[in-house]
Amino acid sequence: MEKWVCNLDETHVYKQVTKTGFCEKCEGILIKKETPGPIPPPDKEDIYDGDHGVGIFVFDLSGSMSDLTDPQSDSPLTKIQQVARAFSSTITTLLYGGGKELTAISQPDNYFLAIIGFSERAELFTINPLADMKQNNREMTFQYWENWILEKFEDFGNLTNITAGLEKARIIYDIALAKEPNRSDLMQNLPDNIKEYEDVLKKLDLNSQSITAGESMFRIPNIRVLIYSDGEHNVGDLKNPFKDRYLKAGLKSSEGTPTNGVMSIYFGSASDPGAEQMRSIAGYCPQHGGVGYIPISKLEHDKYLRDLLHLTSKATGFCLLCSNHKL
């Protein structure tokens, strides 16, 4: 039996997701809960004790992202404008802070962000330390990255090839997680678009964080992937290259969803076919039992978009409930 829980009040429980994907008793978002799977035994896994965290963003830049976020409101804000503002706000907050609760990252040189865009094709735009994204001041940093996203969107394409975006992300993900000599093997025959960042990829040295699952504690490498889309995949068959990837071998829900650090967002109604596709891509959070997926359909949902962008940028957390606990 399915179980959906409100992120703002976990006593608000539903047997199936609402049409909007949001709680009918408050303004919370519904998180799909899954049953914890068997806890894998300790084994001789690779130890990640470096200095780096990696966040991989996979952005839908298809033409439909120019549609309004909330047609029922009077706002002229489009979906791509909402993404651009939320992304630039996240980068600015991480670099400069955002009040008492949101302090700036103390070592932005140690957090690497990769940005991939997709429509019918996929392209890696950049992978660099967060520190390199800083402009002359706070305002200029915000404006620069907002305009950067909007410029990348112009004439990028009209179709929606989610598989292509995920496949690009998987290459970076695998290289970041690999130890030598496996990393050198993976660096052979890189696509040209990724090969130009070969020097950056070579020096990635992941750190890890301690998490609890049941009564067990694990150290999980700090790498996360966030993908969003506003429509169904429509170029060939949809494939999820992360369905067999784990940040801790065998750590998954009883339904088989792996803990792989992948989170997803769907722009539109939670009842759309595309929404289910995006939900199926998201990984499992072993700390809260949730799936790392949310829908966005109204302007006031912007906070949740920024929460997942923030979790990915810092390479911490696995679902929206993690942002409540300030990981």
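Please treat every number below as a calculation from the coordinates, not as lab data. All figures in this text were calculated on a predicted structure; none of them were measured in a lab. As a convention, Cβ positions derive from the backbone with ideal geometry for all residues, glycine included, and neighbour counts pool all protein chains shown.
What is the packing order of peptides 55-65, 129-139, taking the mean over residues of other C-beta atoms within 10 Å and listing the highest first? Write out the running numbers ahead of the final one.
Values: 55-65: 24.2, 129-139: 14.6.
Ranking, from highest mean packing down: 55-65, 129-139.
Taking the Cα centre of segment 13-150 as the origin and placing charges on Cβ (Lys, Arg +1; Asp, Glu -1), which of S75, S88, S106 is farthest toward the positive end of the dipole? With unit charges placed on the Cβ atoms, the residue in question is S75. Counting only Cβ charges, +1 for Lys and Arg and -1 for Asp and Glu, the dipole size of the chain around its Cα centre is about 720 debye. Taking packing as the residue-averaged number of other Cβ atoms within 10 angstrom, the listed peptides 227-240, 276-289 run from highest to lowest as 276-289, 227-240.
Share of antiparallel DSSP beta bridges in the chain, in percent to the nearest 5? Write down the numbers at each step before the final one.
Numbers: 25 of 48 bridges.
Counting DSSP beta bridges with both partners in the chain, the antiparallel share is about 50 percent.
With only Lys, Arg, Asp and Glu charged, each at its Cβ (+1 for the first two, -1 for the last two), find how big the charge dipole of segment 88-145 is about the Cα centre; round to the nearest 20 debye. Could the numbers behind the result be given before it?
Working: 4 positive and 6 negative charges, 30 e Å.
The dipole of segment 88-145 has a size of about 140 debye.
Measuring between their Cα centroids, segment 123-202 and segment 67-84 lie 26 Å from each other.
Apply the a/c threshold of 1.5 to the C-alpha gyration tensor of segment 179-327 and tell me whether it is rounded, prolate or oblate.
Numbers: a/c = 1.63, a/b = 1.20, b/c = 1.36.
Taking the square roots of the gyration eigenvalues as a ≥ b ≥ c, segment 179-327 is oblate.
In the structure shown, the pairs K179/K298; K179/K303; K134/K243; K19/K303 are assessed against 31 Å; a Cα-Cα span above that value is assigned to K179/K298; K179/K303; K134/K243. 3J(HN,Hα) along segment 250-260, derived from phi through the Karplus expression 6.51 cos²θ - 1.76 cosθ + 1.60 where θ = phi - 60°, amounts to x, 7, 7, 7, 5, 7, x, 6, x, 7, 10 Hz, with x in place of Gly and Pro.
Each eigenvalue of the Cα gyration tensor of the chain, multiplied by 5 and square-rooted, gives one semi-axis; in descending order these are 26, 25, 20 Å.
Overall form of segment 255-315: oblate. Here a/c, set by the Cα gyration tensor axes a ≥ b ≥ c, is 1.5 or more, and a/b is not larger than b/c.
Of the residues G236, T257, C322, the one whose Cα sits farthest toward the positive end of the charge dipole of segment 219-327, with +1 on the Cβ of Lys and Arg and -1 on the Cβ of Asp and Glu, is C322.
For segment 102-208, the gyration tensor built on C-alpha atoms gives an oblate shape. Its axis ratio a/c (a ≥ b ≥ c) is at least 1.5, and a/b is not larger than b/c.
Which whole-number percentage describes the relative contact order of the chain, with Cα contacts under 8 Å and a sequence gap of 6 or more?
Numbers: 700 pairs, mean separation 75.5, N = 327.
Here the relative contact order equals 23 percent.
Percent antiparallel among DSSP beta bridges with both residues in segment 54-198, to the nearest 5?
Numbers: 8 of 15 bridges.
Approximately 55 percent, going by the DSSP bridge assignments.
Each principal axis of the Cα cloud of segment 71-165 was evaluated for its coordinate range; sorted largest first, these ranges are 40, 35, 22 Å. Dipole of segment 125-191 computed with +1 at Lys/Arg Cβ and -1 at Asp/Glu Cβ about the Cα centre; of N136, L159, I172, farthest Cα towards the positive end is I172.
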